[in-house]
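Novice: One structure, pasted below without further comment.
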Amino acid sequence: MDWNEVDRYAKSLIKEAGHKIRLSFYQRIQVESKSNVNDLVTNIDQEIEQFFIRHIQSVYPTHQILGEEGFGDQVTSLNGVTWLVDPIDGTTNFVHQKRNFAITVGIYKDGIGMLGYIYDIVRDELYAAKKGGGAFVNDERLPQVGESSVHTAMIGINARWLAPNQHINHKKLLNMIQECRGTRSYGSAALEMAYVISGKLDAYISVRLSPWDIAGGMVIAKEVGALPSSLSGEMPSLLTSNSFILARPKLHEELLSNYIELK
Ligand code: IPD
Ligand code: CA
Ligand code: CA
């Protein structure tokens, strides 16, 4: 497999898909709910996923594709080459704000991350990495993430988890909120991962994410030394949903030991 060729092809598809999404700002889009009234999907999410699948299948017919909207394969193992595609991560932002959403794609071989992408469509910023080749935003190489303690950390987290809930001990999280420098919530897991990768956030925490949300970002994170795991400290699975944290290494340990307790 010529991974440089796959990289060039994946980037060209992502850029073309981004262009289509920007054009959709001038059309009327159809918005529907999925699992609940706040879980949105649009015809653009579906059309973009189909665009990826059609093109990937025509050039790489042996590759399997896991897409959020379900137009790809039923993926039950990561043997061979697998593309994990989220055509719009941050659909609620796409619908309400027309900004702060991304395309994210991860390409894995036998479960090992080879290529990863997070494309901030509105800012035209492509975060990308090839295994062992460093991480880039557009043509600029990103440095290693380095360290920070909780007291100087900016942490990405959804305020929903600070209220009593069935997933996580919210009281411990409240201590974290009081002790860290600040929190932010952007509404796109992929962009929040990109912000940790590029040092705009020190950590990002989520109680539940799907494989397509994190697959691309995990490949890029590895290249800059940011640590991903579930909130119980294991490597996140790319076949099931997971709790999730991505952080600078020592902060990762500090947050898991002192502030995070799953129920
Ligand atoms: C969602 C976003 C959101 C995260 C959700 C995801 P979607 O993805 O990343 O920030 O909190 O868990 O499902 O549905 O917009 O692709
Ligand atoms: Ca998503
Ligand atoms: Ca999505």
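The values are calculated or read from the model by the stated rules, or taken from the named source; none is laboratory data. Since we're looking at a predicted model, the values are computed, not measured. Because the Cβ atoms are built from the backbone with ideal geometry, glycine has one as well, and the counts that use them run over all protein chains shown.
Novice: Has region 184-192 got at least one residue that is polar (S, T, N, Q), modelled with pLDDT under 95 and touching an Asp or Glu at 6+ places or on another chain (Cβ under 9 Å)?
Specialist: no
Novice: With free of Cβ contacts under 8 Å to residues at least 60 places away in the same chain and touching a helix residue (DSSP H, G or I) at 6+ places or on another chain (Cβ under 7 Å) as the only criterion, which of 12, 33, 24 stands out?
Specialist: Exactly one of 12, 33, 24 is free of Cβ contacts under 8 Å to residues at least 60 places away in the same chain and touching a helix residue (DSSP H, G or I) at 6+ places or on another chain (Cβ under 7 Å), namely 24.
Novice: Then there's this: So which of 59, 6 ends up being modelled with pLDDT of 95 or more, closer than 18 Å to residue 215 by Cβ and either basic (Lys, Arg) or out of contact with any Leu (no Cβ under 6 Å at 6 or more places or on another chain) (or both)?
Specialist: Selected residue: 6, the only one of 59, 6 that is modelled with pLDDT of 95 or more, closer than 18 Å to residue 215 by Cβ and either basic (Lys, Arg) or out of contact with any Leu (no Cβ under 6 Å at 6 or more places or on another chain) (or both).
Novice: Test each condition in (1) within 12 Å of ligand 3 (Cβ to nearest atom); (2) closer than 24 Å to residue 221 by Cβ for residue 39 and report the one that comes out false.
Specialist: (2)
For every residue, the table says whether it meets (1) among the polar types (S, T, N, Q); (2) more than 13 Å from ligand 2 (Cβ to nearest atom); (3) at pLDDT 95 or above.
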{"residue": "39", "(1), (2), (3)": "no, no, no"}
{"residue": "66", "(1), (2), (3)": "no, no, yes"}
{"residue": "87", "(1), (2), (3)": "no, no, yes"}
{"residue": "95", "(1), (2), (3)": "no, yes, yes"}
{"residue": "108", "(1), (2), (3)": "no, yes, yes"}
{"residue": "137", "(1), (2), (3)": "no, yes, yes"}
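Novice: In the set 91, 104, which member is within 16 Å of ligand 3 (Cβ to nearest atom), free of Cβ contacts under 8 Å to residues at least 60 places away in the same chain and not assigned by TED's automatic domain parsing to the domain that holds residue 197?
Specialist: Just one listed residue meets the conditions, 91.
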